[in-house]
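Peer 1: Handing you this structure, nothing more for now.
The values are calculated or read from the model by the stated rules, or taken from the named source; none is laboratory data. These figures come from a predicted structure and were not determined experimentally. Positions of Cβ are generated from backbone atoms using ideal geometry, with glycine treated the same way; all protein chains shown enter the neighbour counts. We work out accessible area using only protein heavy atoms, side chains counted, and drop any ligands, DNA or RNA first. Shrake-Rupley method; radii C 1.70, N 1.55, O 1.52, S 1.80 Å.
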Amino acid sequence: KAGEASPPPPPAARPMNNSPDELAAMFSLLTVALRRSPVLLLSLSSGKDSFSRAIQASTVAMSEKEVDVSRSALLFLKTMVDLKAASDKDAGAAYQLIGSDIDVSIAHIRGTVVNSTVAGACGIYPREVLDPAASLLAALLKASTPEEAEASATASFQQGMFKLGDDAKRAVLIILGKIAQGRGDSSLL
């Protein structure tokens, strides 16, 4: 009837971003799938498309105000970077199948992730998110070539949120360089 309100849509029809718990659970599930069977995750029908969308969603979600969402997105991305590092060390057939897909994905998001984690460290992230963000940044820098790491780190300081001055920028760049060269870990961050 004209005066009656329509019923709410069924839960399955609601967009994923309406529930932070669902979004956090999705990234947690993807993290487990990536750890346990990356080949299966990437080879599912339209898996590469779905995987790319999950990666893009995680780069947005890592800056969410909801702690569980940003933590689970950061952990998913870190798992992906760790998988790349493992594929670089192990030339097995399984890693060869997924290595190039992950390399392309990391190259595509490197700048965004470095910018977001540096911005997050400058006051955007709540305390509970700083450790996974530092771990992701350290892993990403270690998995990058020196040129890629330097370009990403330098670009991240061109943002307006870093206001500690040139001396502080140089000090942070030195620390990021040490991490990228494998002479430090995420605890420095």
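Peer 1: So if I check each of Leu189, Leu130, which one is open to solvent by 60 Å² or more (accessible area, probe 1.4 Å) and modelled with pLDDT under 85?
Peer 2: After ruling out the rest, the residue left standing is Leu189.
Peer 1: Within the range 136-166, track down each residue that is surrounded by fewer than 12 Cβ atoms within 10 Å (Cβ to Cβ), among the acidic types (Asp, Glu) and either modelled with pLDDT of 80 or more or touching a Phe, Trp or Tyr at 6+ places or on another chain (Cβ under 7 Å) (or both).
Peer 2: Glu147
Peer 1: Continuing with this model, one more query. What are the pairs with Cβ atoms under 6 angstrom where one residue, in the range 56-79, is more than 11 Å from Leu23 (Cα to Cα) and at pLDDT below 95 and the other, located anywhere, is of a type in the set (D, E, K, R) and open to solvent by 40 Å² or more (accessible area, probe 1.4 Å)? Sequence gap at least six, or different chains.
Peer 2: Pairs that qualify, where the first residue is more than 11 Å from Leu23 (Cα to Cα) and at pLDDT below 95 and the partner is of a type in the set (D, E, K, R) and open to solvent by 40 Å² or more (accessible area, probe 1.4 Å), are Val67/Glu128; Thr79/Arg35.
Peer 1: In the list Arg183, Arg170, which residue meets the criterion of being part of a helix (DSSP H, G or I) and either at pLDDT below 80 or open to solvent by 60 Å² or more (accessible area, probe 1.4 Å) (or both)? Give the derivation first.
Peer 2: Numbers: Arg183 fails: part of a helix (DSSP H, G or I).
None of the other options fit; the residue is Arg170.
Peer 1: When you scan the range 158-168, do you find a residue that is of a type in the set (S, T, N, Q) and either in contact with a Gly (Cβ under 9 Å, 6 or more places away or on another chain) or closer than 22 Å to Thr79 by Cα (or both), even just one?
Peer 2: no
Peer 1: Also, I was wondering about something else. I need the full set of residues from the range 1-24 which are within 19 Å of the chain's Cα centre (by Cα) and at pLDDT below 50, in order please. Give the steps one after another, and end with the answer.
Peer 2: From the range 1-24, those within 19 Å of the chain's Cα centre (by Cα) are 16-17, 20-24; that's our starting set.
Once the filter is applied, which keeps residues that are within 19 Å of the chain's Cα centre (by Cα) and at pLDDT below 50, the range 1-24 yields Met16, Asn17.
Peer 1: Looking at the range 125-148 only, could you name the residues that are closer than 10 Å to Met62 by Cβ and assigned to a helix (DSSP H, G or I)?
Peer 2: Hits for the range 125-148 are Val129, Pro132, Ala133, Leu136.
Peer 1: Something else now. Restricting to the range 83-107, name every residue that is open to solvent by 60 Å² or more (accessible area, probe 1.4 Å) and either modelled with pLDDT of 90 or more or not in a helix (DSSP H, G or I) (or both).
Peer 2: Listed by number, the residues that qualify are Asp90, Ala91.
Peer 1: Mind checking whether some residue in the range 25-39 is modelled with pLDDT of 80 or more, β-branched (Val, Ile, Thr) and surrounded by fewer than 16 Cβ atoms within 10 Å (Cβ to Cβ)?
Peer 2: yes
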